[in-house]
Amino acid sequence: MRLRNVPGSRDIIRESWFTIKDETEYRGKWNTVFGNDHPIYIEIGMGKGQFIMTLAKQNPDINYIGIEKYSSVLVRAIEKQEEEDLPNLYFIRMEAENITEVFEEGEVSRIYLNFSDPWPKDRHAKRRLTSVQFLERYEKILVKEGHVIFKTDNKDLFDFSLEQVEQAQNWELLNHTFDLHHSEYIEGNVMTEYETRFVEKGNAICRMEIVMTNKKD
Ligand code: SAH
C-alpha cells in the first residue's frame, strides 16, 4: 500500500494514551490494562481502524487491541479514538512478527486479518500474515479453539491461505466463501476501509474462518 508520510505522527503516537508503549511489559497482564477479564480480540494490520472501532462500539464486553506497523495510518485511528474514548480499545504500533513477545499463551481469544499485504513474490511468502509461519505464532497466543477470521479480495493470497491451513499442524477450516457479499456470512459483517473501496470497484471479497485445534494431541 502507498503511504503518505504524516509529519509528526510518531510524536502523536508516543503521546497518545490509547497507544501502548513498551508493549512487551504487558505480556500475560493485558487484563490489567483493561481493568477486567473480558476476552481479548486483536486485529493485525488494522490500518485506520474503522473495523476494530465499530466492533469495540458494538461489543463493550470484549476487549480489542489493534496492531499496525505504520504510524502514518495508525495516527488516524488514534484521532478517532480520542473523540470516541472507547474503554475497551487500545492500539499497538508494532511489526506482527513479534506478536509472541507481546501476548502470552491463551491470552488472545480471536484474531482478525483484513486485507493483509499480499507479498506476491514467492520468496516473501513467509511474510504473509496467513503463512504457516504466522499460524504457528498465532498458536502461541490464542486460547484453545481460538479463531482467526481473514478477509481479502486477493484471490491468489486467499488460495495460498487455504493451502497453508491445510498444511499447518494445528488448524482446521471452519468455513469459507469466495464471495462474502453474496453469501450467508454477510450477516453482521463489519466493513473495513479497504473492503468499502473494493466492493465499490466490484471486486468479490473472500473470507475464511479457521480454528486452532490440537491435531497433534
Ligand atoms: N485492515 C485495514 C487495512 C488493510 S491494509 C482495512 O482492511 O482497511 C494492510 C495493513 O496492514 C496496512 O496498514 C499495513 O501497514 C498493515 N500491516 C501489514 N503487515 C503488517 C505486519 N507484519 N505487522 C503489522 N501491520 C502490518
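The values are calculated or read from the model by the stated rules, or taken from the named source; none is laboratory data. Keep in mind that what you see is a predicted model, and the values were worked out from it rather than measured. Ideal geometry is used to build each Cβ from the backbone, glycine not excepted, and the neighbour counts take in all protein chains shown. Keep in mind that these areas ignore ligands, DNA and RNA; they rest on the heavy atoms of the full protein, side chains included. Shrake-Rupley method; radii C 1.70, N 1.55, O 1.52, S 1.80 Å.
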Next item on the list: Please find, within segment 88-99, the residue that is least open to solvent (accessible area, probe 1.4 Å) out of those that are near the ligand (Cβ under 8 Å from one of its atoms) and without any contact (Cβ under 8 Å) to a residue 60 or more places away in the chain.
Entry: ALA96
Next item on the list: Within segment 133-144, track down each residue that is more than 15 Å from the ligand (Cβ to nearest atom) and either modelled with pLDDT of 95 or more or in contact with a Pro (Cβ under 6 Å, 6 or more places away or on another chain) (or both).
Entry: GLU139, LYS140, LEU142, VAL143
Note to self: Restricting to segment 29-73, count the residues that are in a helix (DSSP H, G or I), within 12 Å of the ligand (Cβ to nearest atom) and open to solvent by 30 Å² or more (accessible area, probe 1.4 Å).
What the structure shows: 2
Next item on the list: Check segment 39-51 and report whether any residue there is acidic (Asp, Glu) and modelled with pLDDT of 90 or more.
Entry: yes
Checklist line | Residues (open to solvent by less than 20 Å² (accessible area, probe 1.4 Å), more than 23 Å from VAL190 (Cα to Cα) and part of a helix (DSSP H, G or I)) located in segment 128-163 | finding: PHE134, LEU135
Checklist line | Selection status of GLU23, within 15 Å of the ligand (Cβ to nearest atom), open to solvent by 30 Å² or more (accessible area, probe 1.4 Å), more than 12 Å from the chain's Cα centre (by Cα) and at pLDDT below 90 | finding: yes
Notebook entry, point to check: basic (Lys, Arg), under 19 Å from MET191 (Cα atoms), more than 10 Å from the ligand (Cβ to nearest atom) and modelled with pLDDT of 95 or more - does that describe any residue in segment 75-87?
Noted result: no
